[in-house]
Amino acid sequence: MKRFGALLCGATVVGLAGVAAYKLLLTDEARAALSRSVREVRDSVHTINESLGDQQNNEKEALDNKRRTSEMWGALGY
């Protein structure tokens, strides 16, 4: 439990130092560039997740048991 408390305290200090550095040390241009970079990374990750998700859904659609189950539900009116 002591170790968890020390880890939590350390994470808090690092987080507060990061916020202070962002607010006090960065210029407006640097903040804008950092925000733009974070947004680009977020968009890239979102795009990759969507493509992988679509690919996995296509693989799932090809499964025989899924197809049969869908046909059964369709026969029942769902």
Exercise. Going through region 17-52 one residue at a time, which ones are over 23 Å from the mean Cα position of the chain (by Cα), surrounded by 10 or more Cβ atoms within 10 Å (Cβ to Cβ) and assigned to a helix (DSSP H, G or I)?
Worked result: ALA17, ALA20, ALA21, ALA30
For this session: Examine region 56-77 for a residue that is at pLDDT below 90, within 18 Å of the chain's Cα centre (by Cα) and surrounded by 10 or more Cβ atoms within 10 Å (Cβ to Cβ), and state whether such a residue exists.
Result: yes
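The values are calculated or read from the model by the stated rules, or taken from the named source; none is laboratory data. Note that the structure is a prediction, hence the values are computed from the model and not measured. Note: ideal-geometry Cβ built from the backbone for every residue, glycine included; neighbour counts use all protein chains shown.
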